[in-house]
Amino acid sequence: MSTPRVLLFDSGMGGLTVARSVRHELPFAHLVYSADNAAFPYGAWEERALVERILFVMGQLIARVEPSIVVIACNTASTIALGQLRERFGVPFVGTVPAIKPAAAQTKSGLVGVLATPGTVKREYTQALIHSFASHCRVVLHGVPRMAEIAERKLKGTAVDLDELKQEVLPVFIEESGRRTDVVVLGCTHYPLLTDELAKVEPWVVRYIDPAPAIARRVADVLGETRAVEPGKLVPPHNSVLLTSRREDAEDALAAYAKMSFHLPEFLDLKV
Ligand code: DGL
């Protein structure tokens with residue numbers, strides 16, 4: 001069987017947290033990372049425009065990469081577009097959605113926090129996850145305005161402003177009838193890039209749930225059922241990174257991608 005080609009997709013660098021786990025789970029796979037940096041951040045986009053944008057960009061990426069599988073390493077995109085992506089493209093998709101189910105299973109206090117983008121927090125999909133898996137818990141959903149950008153700045157070399165980060169995350173730490181939030185879902189793939197800093201600003205110790213290892217296992221399962229693509233096409237080489245724009249910060253971003261072993265850049269120029 002030929003090597004499977006895995007296309008990872010996010011609005012920016014958050015999907016690198018998923019790529020890391022996929023690389024660990026499938027060290028033999030051919031990985032291509034793609035980021036719609038022209039449209040970053042996705043968190044504040046209006047729903048219909050965002051779906052159209054994702055479908056358009058994905059069409060270009062699939063034509064270019066010819067992947068065996070696509071990993072939507074973005075909660076904001078998965079919770080709104082996964083169904084339509086599967087309908088439109090004949091390639092398997094694995095998505096990333098807030099890990100509310102494992103959080104509800106692990107909480108002892110019954111108080112669960114969810115940090116996600118303003119978009120993900122508003123989605124019916126997210127409400128349905130709470131309804132289906134966490135009706136016995138009190139779930140505090142918080143749409144975090146700037147945390148994805150804080151994570152990107154960190155990867156590009158700027159020290160994290162801990163006061164700013166603390167203000168972003170404090171709303172999910174609640175105390176009620178002698179109980180405290182004990183589990184916090186990292187419902188945006190950018191947030192696990194900030195775990196060291198989160199440990200410095202949390203008012204008490206909680207367990208953070210990063211879904212990346214579970215997503216990587218799901219990718220392995222789906223690939224097990226799928227035929228890999230043939231080698232030899234003119235596709236981007238292993239460990240390439242495809243960006244939709246040469247934004248002014250693209251050079252800093254490329255250095256950050258290179259540190260995570262995605263060092264062969266290509267620009268698609270897909271303006272918003
Ligand atoms: N990394 C993305 C997610 O998982 C979103 C960041 C953004 O573009 O706002 O939701």
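Derivation of every value follows stated rules applied to the coordinates shown; laboratory data play no part. Note that the coordinates shown come from a computational prediction; the quantities given were computed from them, not determined experimentally. We place every Cβ from the backbone using ideal geometry, glycine too, and count neighbours over all the protein chains shown.
Selection within the range 146-165: residues that are more than 19 Å from residue 206 (Cα to Cα) and touching a Phe, Trp or Tyr at 6+ places or on another chain (Cβ under 9 Å). The member of this set that is surrounded by the most Cβ atoms within 10 Å (Cβ to Cβ) is 148.
Could you say whether any residue in the range 196-204 is touching a strand residue (DSSP E or B) at 6+ places or on another chain (Cβ under 8 Å) and either aromatic (Phe, Trp, Tyr) or surrounded by fewer than 17 Cβ atoms within 10 Å (Cβ to Cβ) (or both)? Among the residues of the range 196-204, at least one is touching a strand residue (DSSP E or B) at 6+ places or on another chain (Cβ under 8 Å) and either aromatic (Phe, Trp, Tyr) or surrounded by fewer than 17 Cβ atoms within 10 Å (Cβ to Cβ) (or both), which makes the answer yes. Restricting attention to the range 10-36, the residues being near the ligand (Cβ under 10 Å from one of its atoms) and closer than 17 Å to residue 191 by Cα number 10. Scan the range 137-149 and give yes if some residue there is part of a helix (DSSP H, G or I) and away from the ligand (no atom under 12 Å from the Cβ), otherwise no. No, the range 137-149 has no match at all. Applying the set (1) under 27 Å from residue 269 (Cβ atoms); (2) within 15 Å of the ligand (Cβ to nearest atom); (3) out of contact with any His (no Cβ under 7 Å at 6 or more places or on another chain) to residue 84 leaves exactly one unmet item: (2). All conditions but one from (1) crowded, with 21+ Cβ neighbours inside 10 Å; (2) within 14 Å of the ligand (Cβ to nearest atom); (3) under 20 Å from residue 169 (Cα atoms) apply to residue 107; the one that does not is (2).
Of the residues making up the range 166-195, just one is without any contact (Cβ under 8 Å) to a residue 60 or more places away in the chain, under 18 Å from residue 256 (Cβ atoms) and either over 18 Å from the mean Cα position of the chain (by Cα) or crowded, with 21+ Cβ neighbours inside 10 Å (or both), namely 194. Whenever a residue of the range 76-87 is touching a residue at least 12 places away in the same chain (Cβ under 8 Å) and within 15 Å of residue 8 (Cα to Cα), its partners that are of a type in the set (Val, Ile, Thr) and outside any helix (DSSP H, G or I), lying with C-beta atoms within less than 6 angstrom and at least six residues away or across chains, give the pairs 76/117; 78/72; 78/96; 78/97. Of all the residues in the range 37-81, those that are more than 21 Å from residue 4 (Cα to Cα), among the hydrophobic types (A, V, I, L, M, F, W, C) and more than 12 Å from the ligand (Cβ to nearest atom) number 5.
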